[in-house]
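The values are calculated or read from the model by the stated rules, or taken from the named source; none is laboratory data. On a predicted model such as this, the values are computed, not experimentally measured, just so you know. Using ideal geometry, Cβ is built from the backbone for each residue, glycine included, and neighbour counts are taken over all protein chains shown. Surface areas here come from the heavy atoms of the whole protein model, side chains and all, with no ligands, DNA or RNA. Shrake-Rupley method; radii C 1.70, N 1.55, O 1.52, S 1.80 Å.
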Amino acid sequence: SIVISSFINHFQNEWINPIDTPFEMLTHGYFFNSILLFRFLILYLVLEILFVKNKINIKKFFISCFLCVAFVSFDIIIQYSFGYNLLGYKIIPAGITSVFANEAIAGSFIQKLSLLGIFGALLFFNNNKKVLFFITILFLIGTLLASNRISVFLFIFSLIILFILNKKIRLTLLLSFITFICISQFLFKNDENLKFQYQHLYLSFYEDDSVVENRTKEVKENIKSLKNINPYSSDHLRIYHTTIESWKYKPILGLGHKSFRVNCRNIISENAKVKKYSFDPICSSHPHNYQLEILHNTGLIGFILILFFVFILLLKIFKKLLDKKLNNQNYFMYFIPIVISAFIEIWPLRSAGSLFATWNGTTVWILLGLSSMVNSDFIKKNVDKPIKNQNSFILKLVIILFSS
């Protein structure tokens with residue numbers, strides 16, 4: 001669907017009446033790049049086949065997630081405490097970045113792989129509840145200090161869902177969350193900047209100036225400036241509205257791969273000539289919402305196709321969850337975190353990266369591919385394969401990570 005839409009919208013400008021050279025079209029052309037998106041379909045099919053044929057050791061992947069997320073979380077705490085992390089990277093104005101150097105995505109990284117990492121820790125330490133307690137706190141603090149507020153809320157939301165679905169670890173999760181609240185209150189009390197980063201999301205709703213009485217003058221001014229805020233002062237909301245207005249031009253087939261970055265300029269130009277909209281349109285590299293990106297790039301046809309695909313997948317998962325014969329099987333150790341993580345990623349009421357370009361989108365496709373586990377036979381000996389040489393596996397993983 002997206003290849004057809006990209007062909008209709010981009011082929012003439014890129015290949016019939018090209019401005020750039022053929023080489024530049026191959027490397028940067030939107031139509032050619034839309035063909036390369038088949039890699040995501042291939043990724044899903046490969047993972048599904050590996051599950052069906054029992055050729056994948058999912059335990060290794062979970063343990064890898066645990067080690068990676070644990071290291072980044074610990075590294076964030078080091079960087080917050082000393083001003084630089086274990087690799088020597090300093091804190092940048094955008095926030096704490098850990099191993100990601102100049103990109104403030106550490107919080108998002110933890111959030112996306114956190115549940116897989118938590119269950120990876122349980123697999124690594126043989127369901128030790130004490131380890132689960134400390135690992136959950138470590139991940140929560142790491143996400144909090146990375147100052148990616150949406151990631152903190154999504155992580156807590158995923159833990160709440162896990163709390164509801166898994167009775168065995170409810171007490172441990174509850175104790176972890178209570179401890180995290182105590183630690184976060186201590187951090188907020190001693191770090192005014194960190195506290196304000198989270199407060200300014202909701203302080204605009206207060207009318208009583210007493211809530212800012214004990215703040216510094218600078219923080220008071222920042223808080224008061226948020227009062228009576230215009231909803232369209234949010235760049236994300238303006239991007240969403242601009243996306244919808246752009247989609248209206250070709251609602252059936254869409255405007256093709258990576259088309260928003262081009263078509264948003266037309267929306268801005270129109271609004272400059274005639275004040276057509278009640279908001280100021282804004283441009284971006286992508287719509288910052290998975291659903292709007294699919295709708296804009298592939299139209300109603302592509303949106304309905306992928307919605308149908310996800311619906312069928314979720315329906316299969318729901319049936320497995322209701323299967324009483326499988327309730328006590330060990331596959332839940334793998335199945336629940338994958339399903340919850342995938343659900344959080346495709347949650348429509350959130351901002352996100354590009355589904356077809358950024359590492360955020362790649363995470364979604366990996367989680368959807370892992371969800372294809374539902375198509376395999378849930379036999380304990382097939383799903384819960386032992387790692388023959390766990391120490392050797394961990395050593396290889398650490399060498400690869402530090403080399404990269």
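Summary table
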read-out: Selected residue (only one of Leu138, Leu144 is in contact with a Ser or Thr (Cβ under 9 Å, 6 or more places away or on another chain), without any contact (Cβ under 8 Å) to a residue 60 or more places away in the chain, outside any loop (DSSP other than H, G, I, E, B) and under 15 Å from Val72 (Cβ atoms)); value: Leu144
read-out: Some residue of region 115-129 being within 15 Å of Ala70 (Cα to Cα), open to solvent by 30 Å² or more (accessible area, probe 1.4 Å) and touching a helix residue (DSSP H, G or I) at 6+ places or on another chain (Cβ under 8 Å); value: yes
read-out: Residue in region 19-30 that is modelled with the highest pLDDT, counting only those that are among the hydrophobic types (A, V, I, L, M, F, W, C) and open to solvent by 70 Å² or more (accessible area, probe 1.4 Å); value: Ile19
read-out: Candidate set: region 136-170, residues that are out of contact with any strand residue (DSSP E or B) (no Cβ under 6 Å at 6 or more places or on another chain) and of a type in the set (Ser, Thr, Tyr); chosen: the one modelled with the lowest pLDDT; value: Ser151
read-out: Within region 31-45, tally of residues that are surrounded by 14 or more Cβ atoms within 10 Å (Cβ to Cβ) and more than 15 Å from Phe7 (Cα to Cα); value: 3
read-out: All helices (runs of 4 or more DSSP H) inside region 199-294 with 2 or more residues being at pLDDT 85 or above; value: 235-247, 260-273
read-out: Subset of region 256-276 (residues that are farther than 22 Å from Glu14 by Cβ and open to solvent by 20 Å² or more (accessible area, probe 1.4 Å)); value: Ile268, Glu270, Ala272, Lys273, Val274, Lys275, Lys276
read-out: Spans of helices (runs of 4 or more DSSP H) in region 319-404 with at least 3 residues open to solvent by 60 Å² or more (accessible area, probe 1.4 Å) and at pLDDT 80 or above; value: 390-403
read-out: Filter pass, Lys90 being of a type outside the set (S, T, N, Q), free of Cβ contacts under 8 Å to residues at least 24 places away in the same chain and touching a strand residue (DSSP E or B) at 6+ places or on another chain (Cβ under 6 Å); value: yes
read-out: Some residue of region 8-18 being within 19 Å of the chain's Cα centre (by Cα), crowded, with 19+ Cβ neighbours inside 10 Å and either part of a helix (DSSP H, G or I) or at pLDDT below 90 (or both); value: no
read-out: Number of the exception - Glu103 against (1) part of a helix (DSSP H, G or I); (2) surrounded by fewer than 19 Cβ atoms within 10 Å (Cβ to Cβ); value: (1)
read-out: Out of Ile141, Ile161, Ile110, sole residue that is surrounded by fewer than 20 Cβ atoms within 10 Å (Cβ to Cβ) and among the aliphatic types (A, V, I, L, M); value: Ile161
read-out: Residue in region 299-309 that is at pLDDT 85 or above, within 30 Å of Ser1 (Cα to Cα), under 20 Å from the mean Cα position of the chain (by Cα) and open to solvent by 80 Å² or more (accessible area, probe 1.4 Å) present; value: yes
read-out: Count - residues of region 165-193 that are outside any helix (DSSP H, G or I), without any contact (Cβ under 8 Å) to a residue 60 or more places away in the chain, within 30 Å of Lys320 (Cβ to Cβ) and open to solvent by less than 60 Å² (accessible area, probe 1.4 Å); value: 1
read-out: Residue check, Leu165 over 14 Å from Thr136 (Cβ atoms), in contact with a helix residue (DSSP H, G or I) (Cβ under 7 Å, 6 or more places away or on another chain) and not small (Gly, Ala, Ser); value: yes
